[in-house]
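Values quoted throughout were computed directly from the atomic coordinates according to the rules given, and no laboratory measurement underlies them. The model shown is predicted, which means the values in this text are computed figures rather than measured ones. Virtual Cβ from ideal backbone geometry, glycine too; neighbours counted across all protein chains shown.
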Amino acid sequence: MKCDLCDGEYREKTVVRNYKWCGKTIVIEDVPALVCDRCGDTLIREETVVAIDELLRKEVAPREYAPVYRFPAKVA
């Protein structure tokens, strides 16, 4: 499928997605997506979005934890 932004080609890949859920940052790895091989635009199919929503609603404890850093505000 052609990318509407740059005329590149979308390819099947897995990506990492970050979500805010109930005040927490959730990281989901290995999300199937279409990624433009030229500009990197990412499309996620509707059924994948539904599956992610179901996963988040189950409130299953994550298997792994990672530190989250916030970029420091610019000091004047």
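Some observations on this one:
- Acute angle (nearest 10 degrees) that the helix 46-58 long axis makes with the longest principal axis of the chain, alpha-carbon atoms: 10 degrees
- Rounded, prolate or oblate (a/c below 1.5 giving rounded, otherwise prolate when a/b exceeds b/c) for segment 10-58 by Cα gyration tensor: prolate
- Positive-end extreme of charge dipole, the chain - chosen from Cys36, Asn18, Ala73 (charges on Cβ): Ala73
- For the chain, GluC sites (Glu not before Pro) meeting the loop criterion (DSSP other than H, G, I, E, B) and having at most 15 other Cβ atoms within 10 Å: Glu59, Glu64.
- Helical runs assigned H by DSSP (4 residues or longer) give the chain a calculated mean residue ellipticity at 222 nm of -5500 deg cm²/dmol, each run adding -39500 (n - 2.57) before division by the residue total.
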